[in-house]
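The values are calculated or read from the model by the stated rules, or taken from the named source; none is laboratory data. The structure presented is a predicted model; accordingly, all values stated were derived computationally and were not measured. Here Cβ is always computed from backbone atoms with ideal geometry, including for glycine, and neighbour counts include all displayed protein chains. Calculation scope for accessible area: heavy atoms of the full protein, side chains included, ligands and nucleic acids excluded. Shrake-Rupley method; radii C 1.70, N 1.55, O 1.52, S 1.80 Å.
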Amino acid sequence: MYPNRSVLPHPTRRHTVGMVIAAVLLLVISLLLAYPDRAGAAADPLLSRGKPATASSSEDSALGPQNAFDGDPATRWASAEGKDPQWISVDLGAAADITRVALTWEDAYAKAYRIEVSGDGTTWTRLAEETAGNGGTDDWPGVSGKGRYVRVQGTARGTAYGYSLYEVEVYGTSEGTPPETGAFTVVAAGDIAAQCTASDSDCAHPRTAALAQQINPKFYLTMGDNQYDDARISDYRAYYDKTWGAFKNKTRPVPGNHETYDPAGPLAGYKSYFGAIAYPQGKSYYSFDEGNWHFIALDSNSFDQSAQIDWLKADLAKNSKACIATFFHHPLYSSGGHGNDPVSRPVWKILYGAKADLVLNGHDHHYERFAPQNPDGKATADGLTEIIGGMGGAEPYPIENVQPNSQKRISGEYGVLKLDFTDSGYSWNYVGTDGKNKDTSPKYTCH
């Protein structure tokens, strides 16, 4: 039942007593010498991060099972209180050889539990079992099993409460999914620089800039309204340049409606400040490639002009990349104060016809993600995934009219989108200026 083991494996635990650490190190070394085939297990990739999760129960909606797989040590899953047994499960998306499972318990820990694996989510086989748990972190580096689903089944609570896990990490090698290559990270935000500086405690764009710089992505995207109120060149220099300007050379911007208010002329200050960065192809819209992705930057102030529409069609026709992302200011769908903006529907139709994957917008000053949908707002697996990331620094807008297919909305917490791209898909986190993940997306595969 347990390959290469005469007894069930036991977890390693984190302690602070020096003699215990020394003893454990000696034990680990001896085990690695005895089982050289397991020496590489710790290096196996993490398979469970951001994958779909289910549980037997949750204490409330804010403590759902997805929290145990989001990589954020501050979020957690908690089961209903006072009930045994309870379980939490993750779908790895494909069959995998499981080599390690690590659990980080909250105060409500399991005194007894099993870690189980399944190929179909119905029939389960034990990987490991604990009968004298004391909470903290349990690391099982010596498990061996094969399956698509992994479950932690709590059978005896260690407290009067329920079961609560900050993180469940499943490591191994996936059989059905090719290795992810060409990976890179992007930081994105819209509606950024209010007319304030770091000396003002209420000024948010210095904080979002510091967060964005700390993440240190491949490049940055802005979704318009980079500078308030009228986007004059003097304001860009006085405000935006002091914060987000620190990484201007790595930024791919688009204009918003506030860039059109400049008394010197629509987009005058925007063009003067960004120059060829915003006009690499001589227009306020452009495209570029990174890895297996084609990125399209559009000027949604002029969606009614045939020149940009004709350019977009021609650009898509020439694209050879498997995945397509686009970013512009005005969202077709939004639950915020501006609401839905039909000016973007013709562009959505073109993108949908080209099997594009991702649309990033600003305009409404909140965070929101939508399930994939078509231009008519019907949820469909081959639809566009829209994200609104308008919390770069401008005053927040409330959520007013929740739209169909809206999956998550956050207003009032400034932050940035941290987008992770691979050759075949993408996912993201909405990260607050406190450095904590406020939302974690599903993992999507390119169309």
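Largest mean-square fluctuation among Ile88, Ile98, Ile350, in a Gaussian network model of the chain whose springs join Cα atoms under 10 Å apart, belongs to Ile350.
Bridgeable lysines around Lys438 (alpha carbons under 19 Å apart, same-chain partners fewer than 8 residues away excluded): Lys51, Lys408, Lys418.
When you restrict to C-alpha pairs under 8 Å that are six or more residues apart and normalise by the size of the stretch 119-174, the relative contact order lands at 39 percent. Near the amide H of Ser287, within less than 5 Å, lie the amide hydrogens of Ala297, all on another chain or at least 5 residues away, with H placed in the peptide plane.
For the stretch 78-188, the relative contact order is 42 percent, taking Cα pairs closer than 8 Å that sit 6 or more residues apart in sequence and dividing their mean separation by the residue count. Remark: the stretch 241-376 projects, on average over all directions, an area of 9.0 nm² (convex hull of Cα atoms). Shape of the stretch 184-262 from the C-alpha gyration tensor: oblate (a/c of 1.5 or more and a/b not above b/c, with a ≥ b ≥ c the square roots of its eigenvalues). Around the amide H of Trp87, modelled in the peptide plane, lie the amide H atoms of Ser56, Ser57, Gly154, all under 5 Å away and 5 or more residues distant in sequence or on another chain. In this structure the amide hydrogen of Ala128, modeled in the peptide plane, comes within under 5 Å of the amide hydrogens of Ile115, none closer than 5 places in sequence on its chain.
Protein heavy-atom accessible surface, 1.4 Å probe, per residue over the chain: 43 Å².
Rounded to the nearest 20, the size of the Cβ-charge dipole of the chain about its Cα centre is 980 debye, with Lys and Arg at +1 and Asp and Glu at -1.
For the chain, give the percent of accessible area contributed by carbon and sulfur heavy atoms, probe 1.4 Å, rounded to a whole number.
51 percent
A simple rule links phi to the HN-Hα coupling: the Karplus curve 6.51 cos²θ - 1.76 cosθ + 1.60 with θ = phi - 60°, which for the stretch 100-113 gives 7, 9, 10, 10, 10, 8, 7, 4, 7, 9, 9, 6, 9, 7 Hz, with x for Gly and Pro.
For the stretch 79-95, backbone phi angles converted through the Karplus equation (6.51, -1.76, 1.60; θ = phi - 60°) give residue-by-residue couplings of 7, 4, 6, x, 10, 10, x, 9, 9, 9, 9, 10, 9, 6, x, 6, 4 Hz, Gly and Pro being listed as x. Straight Cα distances below 20 angstrom link Lys83 to the lysines Lys111, with same-chain residues fewer than 8 positions distant left out.
Would the stretch 99-189 count as rounded, prolate or oblate if I go by the C-alpha gyration tensor, calling it rounded below 1.5 in a/c and otherwise prolate when a/b exceeds b/c, oblate otherwise? Oblate.
When you count the other C-beta atoms within 10 angstrom of each residue and take the mean per peptide, 415-422, 271-278 line up highest first as 415-422, 271-278. For the stretch 52-136, treating each Cα as an identical point scatterer without solvent, what Debye log10 I(q)/I(0) comes out at q = 0.13, 0.25 1/Å? Each listed q maps to, in turn, -0.43, -1.64. Across the stretch 319-329, computed HN-Hα scalar couplings (Karplus, 6.51 cos²θ - 1.76 cosθ + 1.60, θ = phi - 60°) run 5, 10, 7, 6, 10, 10, 10, 9, 9, 7, 7 Hz from first to last residue, x flagging Gly and Pro.
The stretch 391-436: Rg/Rh from Cα coordinates, Kirkwood Rh? My calculation of the ratio gives 1.03. The relative contact order of the chain, computed from alpha carbon pairs under 8 Å that lie at least 6 residues apart in sequence, is 13 percent. Each label point was placed 7 Å from the Cα along the Cα-to-Cβ direction; for Ala210 and Glu129 their separation is 5.2 nm.
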